[in-house]
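Notes to accompany the following structure.
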Amino acid sequence: QVQLMESGGGSVQAGGSLRLSCVASGNTYNSVYMGWFRQAPGKDREGVAAIGTDGITTYADSVQGRFTISQDNAKNTLYLQMNSLQPGDTAMYYCAASRPHINVAVDALNPYDYSYWGQGTQVTVSS
C-alpha cells in the first residue's frame, strides 16, 4: 500500500515563499505521475503541478513561472517550491500518486486519475 505524507505548509505574506515536501512509502512504481493539488473552501480540487516518470513537468496556468515541482529519488520525496505567493494560492495542498497508464492515457492534472492521496497541508497567504 502506498502512503503519502505532506509537510511544509504555513502562513506567509503575499510575495513570500514556501517549500512543500511529500514523503512516499510503499511502491509507487506503477504511478505514471506524482502531483500536487489544492482545494480552497467551497471550490473544486484543482491540479497544480505534476511530474512524470520521465521527469517532464506539467503546471497549471495560474502557477506557471512561480511554482516548481521536483523529486529526490534517493529519499523518495516530492517537492513543491512556491515563490511569489498570492492570496489566491491559499488552500489545502495535497500530494498524490496517479493510476498506471493502462489502455487510457492519464491526465497529469486531473484529480480523478490519481489513486493515492496524502492528508494535506494548509497554505495561507495574507495580503
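Only one of the numbered conditions (1) open to solvent by less than 70 Å² (accessible area, probe 1.4 Å); (2) modelled with pLDDT under 95; (3) not polar (S, T, N, Q) is not met by Asp54, and that is (1). Taking (1) touching an Asp or Glu at 6+ places or on another chain (Cβ under 9 Å); (2) open to solvent by 30 Å² or more (accessible area, probe 1.4 Å) in turn, Phe37 satisfies each apart from (2).
Every test in (1) within 17 Å of Ser21 (Cβ to Cβ); (2) open to solvent by 20 Å² or more (accessible area, probe 1.4 Å) is passed by Ile69 save one, and that test is (2). In summary, Ser31 fulfils each of the numbered conditions (1) at pLDDT 95 or above; (2) over 14 Å from Thr121 (Cα atoms); (3) of a type in the set (Ser, Thr, Tyr); (4) in contact with a Ser or Thr (Cβ under 7 Å, 6 or more places away or on another chain) with the single exception of condition (1). Among the conditions (1) open to solvent by 60 Å² or more (accessible area, probe 1.4 Å); (2) assigned to a loop (DSSP other than H, G, I, E, B), Val23 misses just one, which is (2).
The values are calculated or read from the model by the stated rules, or taken from the named source; none is laboratory data. Values in this document were obtained by computation on a predicted structure and should not be read as measured data. Quick reminder, even Gly has a Cβ in these numbers, built from the backbone with ideal geometry, and neighbours come from all protein chains shown. Areas reflect the complete protein model, heavy atoms only, side chains present, ligands, DNA and RNA absent. Shrake-Rupley method; radii C 1.70, N 1.55, O 1.52, S 1.80 Å.
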